[in-house]
Each structure stands twice: as structure tokens, then as C-alpha cells.
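Participant: Sharing a structure with you now.
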Amino acid sequence: MEVKTIKKNEQGIAIVHSEKVLITDVQSALDFMMTIQYDTGCNRVVLPKSAVVEEFFDLKTRIAGEVLQKFINYDVKLAIVGDFSGYTSKSLRDFIYECNSGKEIFFLPDEEQAIEKLSMR
């Protein structure tokens, strides 16, 4: 895992690059979150879609809801970046739309958009 930090609009943002899957369940999400906060001091994170287990995107597994609830509970804003067009599930598309309409969790196509969203107050 490689982590780069940037500052935009006085907000520290950790940009994570990883070849490995980092989030597979609630415990791995908590470990990831705490590692990022400890190492960078940032509570805003950009994470590639490939670093999240594929089952996350099957809402029936409940992994997405449980993991994202932890991010919200610990006041860590998250942007997952990648191509989500391959998912045909209407419930997942609705879930992504709802997340993107909020201020905590985002599913975006690229890092630039993620940084822009996370840098807002």
C-alpha cells in the first residue's frame, strides 16, 4: 500500500494506491481506517475500487452497508474511485446515487473528482 497526502481547501486527504485488496470486511475496514489516520492524520481518503473486495458491491452480502457505516461513525470521509458502469444491479446504482448525493461517502470515476468532493467542508 502506498499513501500520498495532499492538502486542498485546508483539508488533508490521503490518496491510497494498492495492488492488494485492503477492505474485505468490517474489521479490515477498521484496521485500514485507523492505519491511515495514524500514519497521515487525515480523515479523508481516496481508495481505488480494486482495493475493495468484489462482494462489497453485492448489496445482499451487507458488507457495503456495514463497512460504510463504520466510516461514518468514525467521521472518515471516503471516495472509492473506479469504473462502476459494469454493475447492473438497480439497488447498487441507487445506493451509489444516494451516497454521491451526501457528504460522507462517494463513488467516483477518478481521483481528481474524488479530491474535489473530499476537499469540500
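Nothing in this text is a laboratory measurement; each read-out follows from the coordinates by a stated rule. Owing to the predicted nature of the structure, the values given are computational and were not obtained by experimental measurement. Note: ideal-geometry Cβ built from the backbone for every residue, glycine included; neighbour counts use all protein chains shown.
Participant: Can you tell me, using C-alpha contacts under 8 Å and at least 6 residues apart, the relative contact order of the chain as a whole percent?
Facilitator: 25
Participant: Okay, moving on. List, in the order given, every pair from 60/103; 8/60; 7/90; 70/117; 7/60 whose Cα-Cα distance in the structure shown is over 27 Å.
Facilitator: 8/60; 7/90; 7/60
Participant: OK, next. Near residue 56, within a Cβ-to-Cβ distance under 11 Å, what is the net charge of the other residues, with Lys and Arg +1 and Asp and Glu -1?
Facilitator: Values: positive: 49, 62; negative: 25, 54, 55, 58, 66.
Result for the local shell: -3.
Participant: For the peptides 23-29, 11-17, what is the packing order when you average, over each peptide's residues, the other Cβ atoms within 10 Å and list the highest mean first?
Facilitator: In decreasing order of mean packing, 23-29, 11-17 become 11-17, 23-29.
Participant: Sticking with this one: How far is helix 90-101 tilted off the main Cα axis of the chain, in degrees rounded to 10, range 0 to 90?
Facilitator: The answer is roughly 20 degrees.
Participant: Name the most mobile residue of 100, 73, 43, meaning the one with the largest mean-square fluctuation, in a Gaussian network model of the chain with Cα contacts below 10 Å.
Facilitator: Judging by the Gaussian network model, the answer is 73.
Participant: Additional query: Around residue 5, which amide H atoms from residues at least 5 apart in sequence, or from another chain, sit under 5 Å from its own amide H, with H modelled in the peptide plane?
Facilitator: Here 15 satisfy the definition.
Participant: Run through all the Cα pairs of the chain and give the fraction in each 5 Å bin from 0, expressed as whole percent.
Facilitator: Calculated over all Cα pairs of the chain, the distribution is 2, 11, 24, 28, 21, 10, 3, 0 percent.
Participant: In the Gaussian network model of the chain, springs joining C-alpha atoms below 10 Å, which of 78, 47, 59 carries the largest mean-square fluctuation?
Facilitator: Maximum fluctuation in the GNM of the chain, among the listed residues, is at 59.
Participant: Here's a follow-up. Using a Förster distance of 25 Å, how high is the FRET efficiency between residue 121 and residue 70, based on the Cβ-Cβ distance and rounded to 0.05?
Facilitator: Working: r = 22 Å, r/R0 = 0.89.
Once the sixth-power term is evaluated, E becomes 0.65.
Participant: Still on this structure: State the extension gain, in nm to one decimal, for the chain segment bounded by residue 30 and residue 110, taking 0.36 nm per residue of separation less the distance between their alpha-carbons.
Facilitator: Extra length available between residue 30 and residue 110 comes to 26.4 nm.
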